[in-house]
Each structure stands twice: as C-alpha cells, then as structure tokens.
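FYI, it's all coordinate maths here, none of it is from the lab. Bear in mind that the values here come from a model prediction, so they are computed numbers and not experimental data. Positions of Cβ are backbone-derived with ideal geometry, glycine not excepted, and every protein chain shown enters the neighbour counts.
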Amino acid sequence: TSPTLRNRLARGEKIFAGWMASAYPRMAEALGRAGFDAVILDLQHGEASFAEARDAITASHLAGKPAGVRVGLEGFGDAARLYDLGAELAILPMINSVEDARKLVDTLKYPPVGGRSWGGTRGLALYGLDAESYRTSANDQIIALAMIETQQAADAMEEILDVPGLDGVFVGPSDLSISLSRGEKLDHQLPEAVAVMRRLLAAAKARNKLTAIFCSGGEAAARNAALGFDIMAVGSDWAFLTAGAQAALKTARGH
Ligand code: 3PY
Ligand code: MG
C-alpha cells in the first residue's frame, strides 16, 4: 500500500483514526479491522516501547490501515525514526512557538523543505516503494502536525501555521483547556477552548493546512467533525475495552 491519508484528505474525506495507548502491537491491527481509517500510537502518555511501536505500525498495515504516532515531548528524532519505520503521520506535542514549528519541519521534511536525515528502511518495504520514490514523495505524502494545546500556542497560531512545510495542526483539548483556564479546568468543551478551535480552523483553512483533534469518544468525534476538523483521533483503546466490558457486564447482570 502506498501512502493514502493525504489523497483521501485531498478529496475532502474526514479521517477517523483509532487512538492507541496500550502497548500490545496487535491492538493496532484490531483497531484497523474495526473500521478506523488509521491507527495513531500515543508515545507521549501511552505505554508502548519503541519496539512495540515499530510492530504496531506493521500490524496496522496488516489491516490495510496507515499508522501515525504522537511522540513524546521533544520527540523530534523519534518522529523521524518512526517515519523511517513506516509511520505516515506524526504529531509533536506542545509546539508553542515558530521556533518549535521550524524544528519540527527541519526534522521531518527532506531537503529542500527541511533537513530530514536520510535512512528510510522499513517504511520503504511497507509502502512497496524504492528509495527514490519514497524520498521524492515523502514531503508531500507524509503528514507532520504541530500540537496546539497551550495559551502560548493559541497566541502564535497564525505564525505557526505560516511555517513552510508544516502540514497542519492537532488540538490537544485537555492541555488546551487546562492552560486557558490557568489550571482551573480540564474540559474539552471549555468555551474559551472552543473559541480557540474555531479561530484555528479558520486560520488553517485560509492557509490550506490540515486540522486534527483528539476526541474522547464517538460523540466528541462527531461534534468535532461537524465543527470542521479533518482528522479525528478517537480513543483510547483502553477506553473502548473498558466501555465494552462494562456494557457486557451490565447486560449479563441485568443492572
Ligand atoms: C491533550 O488533549 O492535551 C492531548 O494531548 C490529546 O491527547
Ligand atoms: Mg496534551
């Protein structure tokens, strides 16, 4: 399979990705087979080791679905390495300034856009591409997103979006609400946070940049798709497991 998310987004399709916080690589295959358009592994707050992330990327390809990663703080090098291993999308947390966004592009885009170091390995095989085809298509096909999740990032959103080579933004509604409320609230629908989301959607669309957001479940995903986001990361796998277990037990026990 060649990279596909870009093409689907270019056709105006909404992407619903399963958000994986567990460390079990085959969970990525399960989320893909459940019907998600892609699987995103969380390496900032999730449990997977680097080797588990590598295997989860391969497992999601078994389900015919592209894999993405949300790397840890300062995880620029990890993101580039996971691209090499076949990730098609990377999300960098806490991108708060133009300098952060420039570093993101410099690490994740090949010259002349950035300075990504050459070393595509597993990714070439997963996509069935030769080195030259991967190298010359990667900048346009592989997606690099900056997380907007602080007051500082909200204040700098236009300048961040203007950084050449950045593909788009990913809203972290938890940290955004905590930051905007100065530590008072964790609320994905905090009015001030939703106002920032609306401004961000308008600013991104005016610049033809992608918009993505974390969604704590199906309802949040439907709401954010209606608001105008392109990519909804829905999760997590732990929450799906817990909800499924609770529903089964409720039915079994009758209460
Ligand atoms: C946030 O909501 O802050 C995130 O980082 C999404 O997981
Ligand atoms: Mg966050």
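In table form, for the structure just shown:
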{"quantity": "DSSP-assigned coil residues among GluC sites (Glu not before Pro) in segment 41-86, each with at most 15 further Cβ atoms within 10 Å", "calculated": "E47, E74"}
{"quantity": "Segments 86-93, 134-141, 206-213 sorted - mean Cβ within 10 Å per residue, highest first", "calculated": "86-93, 206-213, 134-141"}
{"quantity": "Candidate lysines - alpha carbon under 30 Å from K185, same-chain residues fewer than 8 apart omitted", "calculated": "K14, K205, K209"}
{"quantity": "Cβ-placed point charges (K, R +1; D, E -1), dipole of segment 5-253 about Cα centre in debye, nearest 20", "calculated": "640 debye"}
{"quantity": "DSSP-defined beta bridges in the chain - what % are antiparallel, rounded to 5", "calculated": "0 percent"}
{"quantity": "Cα gyration tensor shape for the chain, rounded if a/c is under 1.5, else prolate or oblate", "calculated": "oblate"}
{"quantity": "Ordering of 231-240, 9-18 by burial proxy (mean other Cβ atoms within 10 Å per residue, highest first)", "calculated": "231-240, 9-18"}
